[in-house]
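Here the structure comes first, spelled out in structure tokens, and everything after it is commentary.
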Amino acid sequence: MYRLFYNHEVTGDVLFLLLKPELIPNKVIEKENAALLYLNDELIGVNFFHVSRIIRLYSHGMIATPGEELLTIVNSLLKEVGLPALPPTLDSGYHVFRLMKREEHPLSDQLSILTLKDKEREYSTVTSLKELKEGAYVVAATANCILRDGSLFTPHEDHHIPVDLYLCSPYALRLGERKDIPFYPEGYEEGEDFYLPKEEK
């Protein structure tokens with residue numbers, strides 16, 4: 001999975017391509033209007049400068065599913081610096097689940113243990129979000145999904161409790177400022193990709 005980020009107000013006219021956000025670069029190679037970020041010999045990201053000369057972007061952060069026009073431009077920029085093209089985004093990493101059950105966390109009054117379900121199986125996660133509605137649809141980031149802040153979500157255990165998914169707030173989805181409650185989507189089914197248009201699935 002890769003992720004694109006653009007926020008002119010915060011970082012200027014730079015389009016960030018994250019390939020391995022969990023890694024820290026130790027080498028930067030500048031080519032054309034780009035900076036190639038490496039950890040040793042592994043390419044982990046690319047920064048494209050002066051992007052507004054080519055395309056007008058209105059994003060204020062994460063671009064979960066770049067459209068055909070943007071992807072074509074990014075791939076032409078990659079070609080200019082001798083790098084392979086990116087494939088279309090077929091999975092944003094953000095899926096819709098049904099919140100089946102909420103349980104008290106044995107070690108914290110601020111956390112809840114949740115059981116979430118798609119059409120194939122059930123998942124466990126831990127969250128600090130409030131106003132949890134059993135039976136409602138929610139959006140969660142799946143394994144190896146690059147989040148809004150550029151970090152990588154990796155399934156893990158929290159005090160022996162499996163954390164298979166990352167439950168998303170409106171803020172995490174760039175759909176509001178609230179960080180303390182889940183986002184409840186409408187018009188979706190269990191397991192659907194939240195960001196991809198239905199006709200592209």
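Which one is nearest to the chain's Cα centre (by Cα) among residues in region 154-180 that are in contact (Cβ under 8 Å) with a residue 60 or more places away in the chain and crowded, with 16+ Cβ neighbours inside 10 Å? Here the answer is 173.
Could you tell me whether region 54-70 includes any residue that is more than 28 Å from residue 118 (Cα to Cα), open to solvent by 70 Å² or more (accessible area, probe 1.4 Å), among the hydrophobic types (A, V, I, L, M, F, W, C) and over 21 Å from the mean Cα position of the chain (by Cα)? So far as region 54-70 goes, yes, one or more of its residues are more than 28 Å from residue 118 (Cα to Cα), open to solvent by 70 Å² or more (accessible area, probe 1.4 Å), among the hydrophobic types (A, V, I, L, M, F, W, C) and over 21 Å from the mean Cα position of the chain (by Cα). Here residue 24 does not qualify as in a strand (DSSP E or B) and surrounded by fewer than 17 Cβ atoms within 10 Å (Cβ to Cβ). From 117, 133, 79, which residue is open to solvent by 30 Å² or more (accessible area, probe 1.4 Å) and either in contact (Cβ under 8 Å) with a residue 60 or more places away in the chain or among the aliphatic types (A, V, I, L, M) (or both)? Being open to solvent by 30 Å² or more (accessible area, probe 1.4 Å) and either in contact (Cβ under 8 Å) with a residue 60 or more places away in the chain or among the aliphatic types (A, V, I, L, M) (or both) holds for just one of 117, 133, 79, which is 117.
Here's the yes/no breakdown for (1) out of contact with any Leu (no Cβ under 6 Å at 6 or more places or on another chain); (2) among the hydroxyl-bearing types (Ser, Thr, Tyr); (3) farther than 30 Å from residue 161 by Cα:
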site: 33; (1), (2), (3): yes, no, yes
site: 54; (1), (2), (3): yes, no, yes
site: 76; (1), (2), (3): yes, yes, yes
site: 115; (1), (2), (3): yes, yes, no
site: 120; (1), (2), (3): yes, no, no
site: 126; (1), (2), (3): no, no, no
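Touching a residue at least 12 places away in the same chain (Cβ under 8 Å), crowded, with 19+ Cβ neighbours inside 10 Å and among the aromatic types (Phe, Trp, Tyr), is that true of residue 97? Yes. Scanning region 136-153 for residues that are crowded, with 16+ Cβ neighbours inside 10 Å and closer than 23 Å to residue 5 by Cα yields 139, 140, 141, 142, 145, 146, 147, 148, 152, 153.
The values are calculated or read from the model by the stated rules, or taken from the named source; none is laboratory data. Computed from a prediction, not measured in an experiment: that's the story for all the values here. Here Cβ is always computed from backbone atoms with ideal geometry, including for glycine, and neighbour counts include all displayed protein chains. Just the protein is used for accessible areas: all its heavy atoms, side chains included, with ligands, DNA and RNA removed. Shrake-Rupley method; radii C 1.70, N 1.55, O 1.52, S 1.80 Å.
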